[in-house]
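**Student:** Quick one: the structure is below, and I'll ask about it shortly.
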């Protein structure tokens, strides 16, 4: 039937209001799922790719910030500024400045030995600073209604000390406990936060039958080690670390 009516192929039954009444809760759930993975190189040079609405990689990230009503934007920027002052050495202020062509830019002030702060724009920021700004803005602007935010490797380019407090930062920054944050990570130290339960950690391991996913709380031996006081990061590292690395060392020495 769909092959004879090509227009039917432009939407799924999940999208069609007339067709999804019996399972609209599922459609509503997926409509609230957001994905974010900021790429610093794209922010510095947004013309390198074509933009899509609400681009998850950051091409129109600064424009989205600038398009936010001023009162709301200023309140969010103040919260971000306090977090950045704690995380970035000598960081002092953050604002948006629009150039003569109408293009908005991020402008940061840094303390130095002079009486006035030194100024940097997004093209000067480190990858870590850009990623942290993106994470903070994404969490703070997330709707207060229930939804899911997907973050891919939020630890990239960040100092290990900052990585360890990311879960606390997320919990403090979000406006509602109804927002669920799901993240993928290769940084076990991110999981040492006391507020993270083993029931919330899904371990992905390569097996002969493909990738196996297990809740940490369902793995008896690792849980025994955690109950003995071993850090969660150490326990997880033992589970996911490749076991045969000698070949990698040998090949690189030739």
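Derivation of every value follows stated rules applied to the coordinates shown; laboratory data play no part. Note that the structure is a prediction, hence the values are computed from the model and not measured. We place every Cβ from the backbone using ideal geometry, glycine too, and count neighbours over all the protein chains shown.
**Student:** Fewest to most neighbouring Cβ within 10 Å: what's the order for 65, 77?
**Tutor:** 65, 77
**Student:** If you bin every alpha carbon distance in the range 160-202 into 10 Å steps from zero, what whole percent lands in each bin?
**Tutor:** Using 10 Å bins, I get a P(r) of 25, 61, 14 for the range 160-202.
**Student:** Which order do the peptides 106-116, 80-90 take when ranked by the mean count of other beta-carbon atoms within 10 Å per residue, highest first?
**Tutor:** 80-90, 106-116
**Student:** What per residue convex hull volume, in Å³, do the alpha-carbon atoms of the range 37-156 yield? It would help to have the intermediate numbers written out before the result.
**Tutor:** Values: hull volume 15.3 nm³, N = 120.
Cα convex hull per residue, to the nearest whole number: 128 Å³.
**Student:** Using a Förster distance of 22 angstrom, determine the FRET efficiency expected from the C-beta separation of residue 25 and residue 214, and round it to 0.05.
**Tutor:** Computed FRET efficiency for residue 25 and residue 214: 0.20.
**Student:** Another one. Can you put 186, 243, 237 in order, fewest other beta carbons within 10 Å first?
**Tutor:** 243, 186, 237
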